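A.B. asks: Here it is, the structure in full.
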Amino acid sequence: MRALPVGDAALLIEVSSGDEARTLHAELVRRRAEGSLSVREIVPAARTVLLDGLADPARLAAELTASEIPPARPRARAVIELPVRYDGPDLADVAAQWGVSPEEVARIHAGTEFTVAFCGFAPGFGYLTGLPARYDVPRRATPRTAVPAGSVALAGPYTGVYPRSSPGGWQLIGTTDAVLWDHARVPAALLSPGTRVRFVGAA
Amino acid sequence: MTDRALSVVRSGALTTVQDLGRPGHAHLGVPRSGALDGPAAALANRLVGNRPEAAVLETTLNGCAVRPRSTVDVAVTGAPCQVSVDGRPAAWSAPVRVPAGALLTVGTAVSGLRSYVAVSGGITVEPVLGSRSTDLLSGLGPAPLTDGAVLPLGTPNSLHTRVDTAPQPAPPAELVLRVTLGPRDDWFTPEAVRAFTSRTFQVSSASNRIGLRTEGPALERRLTGELPSEGMVLGAVQVPPDGRPVVFLADHPTTGGYPVIGVVRETDLPAAAQAVPGTPVRFLEIRRRWMN
């Protein structure tokens with residue numbers, strides 16, 4: 001684990017895997033909840049967790065790099081089920097890259113339990129991990145100028161769902177009617193870091 | 001129906017509602033947002049007796065014109081510009097009484113870029129995640145102003161202390177941004193890091209509330225691989241593949257995949273909000289307040 005200083009009040013904690021980032025994120029959220037960590041933002045990402053708004057970054061850096069981060073306790077958090085129709089325009093391309101039929105893509109994707117590793121790109125957009133590495137796909141060479149809201153997509157090791165229409169370069173394999181983001185709802189984001197997700201195929 | 005409202009007569013190039021922003025939601029992909037020139041917005045609020053968290057209008061370049069439905073006090077700060085009420089010149093950076101139905105015109109910035117218009121009682125559009133700020137990146141908060149829009153106003157806060165006038169810094173002829181290196185300065189060649197902190201860049205016309213884009217020497221990378229997406233702070237200087245540094249401002253994305261060569265000190269960012277395209281920019285390397 002490395003603590004990289006970011007400006008005057010932030011630390012970027014770098015770890016060696018996505019799993020470690022998730023464990024570290026869970027531990028930092030726990031410390032904040034119990035009151036032993038005072039921080040404005042805790043932003044998990046692929047291999048890092050950013051802590052922003054720290055009063056004493058140096059002390060926290062020393063403390064974190066000297067300590068063992070306990071494995072996250074299994075949470076009794078329910079799995080969020082997202083109904084999905086596997087009807088995306090890139091489904092056939094993804095099937096070809098995986099070397100399987102489009103139906104098999106749907107079966108593999110719906111048979112996977114995902115976890116939200118981190119969010120970003122747009123409010124409510126989660127980077128979901130869970131697919132084995134052999135199913136990694138590249139981004140499209142030319143991004144689409146408008147990806148419809150509810151598009152279920154793949155890129156690299158991640159699955160994501162577009163909360164609203166936006167430009168995007170991910171491979172679109174399906175569509176969900178689930179509302180990913182509603183600022184009038186509490187919580188506004190259906191998915192947040194650590195949320196477990198399962199896609200349920202709909203006819 | 002209350003008559004405490006503001007009709008938008010001329011929305012201008014880009015006028016948005018801004019307050020202190022919505023920090024604390026970066027992990028959900030929600031930018032902080034908020035007034036780019038925070039001190040100017042705070043001063044405008046003080047001049048009309050508003051609380052610091054009251055929402056104001058942020059205009060860009062060519063101002064706006066609004067008509068209050070009830071008599072209000074207004075103050076215009078930030079980029080200096082001509083202020084008028086029903087065509088009669090009024091004070092800039094001082095409280096101005098605008099009678100019900102009169103037209104308040106905020107003119108084109110004489111220097112600088114963004115003017116702030118505080119109205120007594122504040123703009124009270126529906127908050128989103130605790131803030132009324134327009135966020136241009138993610139579309140949260142009210143849409144940018146359009147001609148004919150009507151904005152609700154709150155009740156003036158008569159107990160709040162107010163000031164009558166206050167000095168403001170002039171918009172910068174040259175922008176000097178103090179920067180601490182890292183967290184990814186090691187992704188660049190030593191020559192690129194030296195160029196970053198010694199050469200002069202210019203503010204690009206492609207700048208916006210998301211980032212201050214620059215033109216100048218392209219910063220060459222030492223590591224050419226892909227950087228996995230990671231969290232970004234306000235003031236982060238990200239360098240995309242074209243090598244031109246971008247200083248992240250209030251509507252910046254919360255994570256990004258290009259290396260951050262340094263971070264601009266937050267107190268220097270209000271000046272960045274007022275720097276017009278072509279303004280020379282220098283990144284002045286400073287040591288962190290803490291160093292181990």
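The values are calculated or read from the model by the stated rules, or taken from the named source; none is laboratory data. Please read all numbers here as calculations on a predicted model, not as lab measurements. Glycine gets a Cβ as well: all are built from the backbone with ideal geometry, and neighbour counts include every protein chain shown. The area values use the complete protein model at the heavy-atom level, side chains included, leaving out ligands, DNA and RNA. Shrake-Rupley method; radii C 1.70, N 1.55, O 1.52, S 1.80 Å.
A.B. asks: Mind listing whichever residues of the range B:140-175 are open to solvent by 50 Å² or more (accessible area, probe 1.4 Å) and among the small types (Gly, Ala, Ser)?
C.D. replies: Selection gives B:Ala143, B:Gly148, B:Ser158, B:Ala170, B:Ala173.
A.B. asks: Anything in the range A:21-36 that is open to solvent by 20 Å² or more (accessible area, probe 1.4 Å), more than 11 Å from every other protein chain (Cβ to nearest Cβ) and in contact (Cβ under 8 Å) with a residue 12 or more places away in the chain? List them, or say none.
C.D. replies: Correct list: A:Arg22, A:Thr23, A:Ala26.
A.B. asks: Then there's this: Of everything in the range A:63-72, what is in contact (Cβ under 8 Å) with a residue 24 or more places away in the chain and surrounded by fewer than 15 Cβ atoms within 10 Å (Cβ to Cβ)? Give them in sequence order.
C.D. replies: Of everything in the range A:63-72, those that are in contact (Cβ under 8 Å) with a residue 24 or more places away in the chain and surrounded by fewer than 15 Cβ atoms within 10 Å (Cβ to Cβ) turn out to be A:Thr65, A:Pro70, A:Pro71.
Every residue, every condition in (1) open to solvent by 70 Å² or more (accessible area, probe 1.4 Å); (2) more than 21 Å from the chain's Cα centre (by Cα), yes or no:
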{"residue": "A:Glu14", "(1), (2)": "no, no"}
{"residue": "A:Asp19", "(1), (2)": "yes, no"}
{"residue": "A:Thr48", "(1), (2)": "no, no"}
{"residue": "A:Ala55", "(1), (2)": "yes, yes"}
{"residue": "A:Ala58", "(1), (2)": "no, yes"}
{"residue": "A:Ala95", "(1), (2)": "no, yes"}
{"residue": "A:Ala106", "(1), (2)": "no, no"}
{"residue": "A:Gly111", "(1), (2)": "no, no"}
{"residue": "A:Cys119", "(1), (2)": "no, no"}
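A.B. asks: Now for a separate question. Filter the range A:166-203 down to residues that are among the hydroxyl-bearing types (Ser, Thr, Tyr) and within 10 Å of another protein chain (Cβ to nearest Cβ) and give me whichever is farthest from the chain's Cα centre (by Cα).
C.D. replies: A:Ser166
A.B. asks: Next up: In the list A:Tyr162, A:Tyr135, which residue meets the criterion of being under 17 Å from the mean Cα position of the chain (by Cα), under 24 Å from B:His25 (Cα atoms), of a type outside the set (A, V, I, L, M, F, W, C) and at pLDDT 95 or above?
C.D. replies: So the residue among A:Tyr162, A:Tyr135 that is under 17 Å from the mean Cα position of the chain (by Cα), under 24 Å from B:His25 (Cα atoms), of a type outside the set (A, V, I, L, M, F, W, C) and at pLDDT 95 or above is A:Tyr162.
A.B. asks: Could you pull out the residue among B:Gly211, B:Gly262, B:Gly231, B:Gly235 that is away from every other protein chain (no Cβ under 14 Å), touching a strand residue (DSSP E or B) at 6+ places or on another chain (Cβ under 6 Å), of a type outside the set (S, T, N, Q) and crowded, with 19+ Cβ neighbours inside 10 Å?
C.D. replies: B:Gly211
A.B. asks: What strands (runs of 3 or more DSSP E) completely inside the range B:1-116 contain at least 2 residues that are of a type outside the set (S, T, N, Q), more than 30 Å from A:Leu180 (Cβ to Cβ) and more than 14 Å from chain A (Cβ to nearest Cβ)?
C.D. replies: B:5-10, B:56-60, B:64-68, B:72-78, B:81-85, B:88-90, B:96-98, B:104-109
A.B. asks: Take B:Thr2 and decide whether it is modelled with pLDDT under 95 and either among the β-branched types (Val, Ile, Thr) or surrounded by 24 or more Cβ atoms within 10 Å (Cβ to Cβ) (or both).
C.D. replies: So B:Thr2 fits the description; yes.
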